[in-house]
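The values are calculated or read from the model by the stated rules, or taken from the named source; none is laboratory data. Because the structure is a prediction, the values reported are computed rather than measured. No Cβ is skipped: glycine too gets one built from the backbone with ideal geometry, and neighbour counts run over all protein chains shown. Just so you know, the surface numbers come from the protein's heavy atoms only, side chains and all, with ligands and any DNA or RNA stripped out. Shrake-Rupley method; radii C 1.70, N 1.55, O 1.52, S 1.80 Å.
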Amino acid sequence: MVGSQLRVVVLVSGSGTNLQALLDATADPAYPATVVAVGADREGIEGLTRAERAGVPTFVLRVKDFQTRSAWDAALTASVAGFDPDLVVSAGFMKLVGEDFLAAYAGRLLNTHPALSPSFPGMHGPADALAYGVKVTGCTLFVVDAGVDTGPIVAQSVVPVLDDDTAETLHERIKTEERRMLVEAVGRMAREGFTVDGRVVRFGG
Ligand code: GRF
């Protein structure tokens, strides 16, 4: 069935637990997607080790090795294209991609964010939610557009904020939910297809 599986490239910058959830899911032949490569913007991260352990090809492109940001973006686009993905998942990838990448993967590039969009975009979703005093927060899977965490929403899941939460404990509980959401949504996208109509994403052809 591998031939008919959705081909996914995952981009990471850190611990890669969302990647691991996808790798674990794809170990089941009934799961309709396969991770064909993992890309990173830095060496020596657990996310790359997870990919190597699973026998998935990896590549690393560091911004500082390129003369311009757009040269890095073009190289990233070419590297990802070499694996012919149906879907690209940015899972804890700490870089904004540029115009080339967005043009090549418009509508097929997903990102996970540890907050309930449109609240708390940016790098500090859990800490910002805690500081604001919200009673629930969560995670959002979205189709990347040119903004920061602004793209059309594929899935969201709610996580309660506890009185004694720190940014770290809250983020860990969000990540547990984030991994479940990602595996479920990618599975549905592969099985059912999806459409993006303005801001609205729907499963099904
Ligand atoms: C996730 O919470 C993701 O939303 C955020 O960074 C975290 C990455 O975690 N951008 P991991 O690398 O998948 O463990």
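So which of ASP128, ASP100 ends up being among the charged types (D, E, K, R), over 19 Å from VAL9 (Cα atoms) and more than 13 Å from the chain's Cα centre (by Cα)?
The match here is ASP128.
Exactly one of these conditions fails for ASP128: (1) under 18 Å from LEU22 (Cβ atoms); (2) free of Cβ contacts under 8 Å to residues at least 24 places away in the same chain; (3) of a type outside the set (Ser, Thr, Tyr). Give me its number.
Answer for ASP128: the failing condition is (1).
Yes/no matrix, rows are residues, columns are (1) surrounded by fewer than 19 Cβ atoms within 10 Å (Cβ to Cβ); (2) modelled with pLDDT under 95; (3) closer than 14 Å to GLU178 by Cβ:
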{"position": "LEU87", "(1), (2), (3)": "no, no, no"}
{"position": "LEU116", "(1), (2), (3)": "no, no, yes"}
{"position": "SER119", "(1), (2), (3)": "yes, no, no"}
{"position": "CYS139", "(1), (2), (3)": "no, no, yes"}
{"position": "VAL148", "(1), (2), (3)": "yes, yes, no"}
{"position": "GLY151", "(1), (2), (3)": "no, no, no"}
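Based on what the data block shows, is PHE101 of a type in the set (Phe, Trp, Tyr), more than 26 Å from PRO152 (Cα to Cα) and open to solvent by less than 40 Å² (accessible area, probe 1.4 Å)?
For PHE101, the condition - of a type in the set (Phe, Trp, Tyr), more than 26 Å from PRO152 (Cα to Cα) and open to solvent by less than 40 Å² (accessible area, probe 1.4 Å) - is not met.
Out of all the residues in segment 2-14, is one or more outside any helix (DSSP H, G or I), outside the structural domain of VAL144 (by TED's automatic domain parsing) and either of a type in the set (Asp, Glu) or exposed (fewer than 15 other Cβ atoms within 10 Å of the Cβ) (or both)?
Within segment 2-14, none of the residues are outside any helix (DSSP H, G or I), outside the structural domain of VAL144 (by TED's automatic domain parsing) and either of a type in the set (Asp, Glu) or exposed (fewer than 15 other Cβ atoms within 10 Å of the Cβ) (or both).
In segment 57-80, what residues are closer than 22 Å to ALA190 by Cα and either exposed (fewer than 15 other Cβ atoms within 10 Å of the Cβ) or in contact with a Leu (Cβ under 7 Å, 6 or more places away or on another chain) (or both)?
PRO57
Any chance you could count how many residues in segment 10-57 are β-branched (Val, Ile, Thr) and in contact with an Asp or Glu (Cβ under 9 Å, 6 or more places away or on another chain)?
4
Condition first: closer than 30 Å to VAL159 by Cβ and in contact with a strand residue (DSSP E or B) (Cβ under 6 Å, 6 or more places away or on another chain). Can you find one or more residues in segment 52-67 that meet it?
Yes, segment 52-67 has at least one match.
Can you tell me which residues in segment 153-205 are outside any helix (DSSP H, G or I), open to solvent by less than 80 Å² (accessible area, probe 1.4 Å) and in contact (Cβ under 8 Å) with a residue 40 or more places away in the chain?
Residues satisfying the conditions are ILE153, VAL154, PHE194, VAL196, GLY198, VAL200, VAL201.
Restricted to segment 40-55, and to residues that are closer than 22 Å to GLU184 by Cα and buried (at least 20 other Cβ atoms within 10 Å of the Cβ), which residue is farthest from the ligand (Cβ to nearest atom)?
That would be ALA51.
So which residues in segment 15-33 are within 13 Å of the ligand (Cβ to nearest atom) and either in a loop (DSSP other than H, G, I, E, B) or surrounded by fewer than 17 Cβ atoms within 10 Å (Cβ to Cβ) (or both), if there are any at all?
SER15, GLY16, ASP24
Using the structure shown, decide if PHE101 is of a type in the set (Phe, Trp, Tyr), in contact (Cβ under 8 Å) with a residue 12 or more places away in the chain and away from the ligand (no atom under 14 Å from the Cβ).
So PHE101 fits the description; yes.
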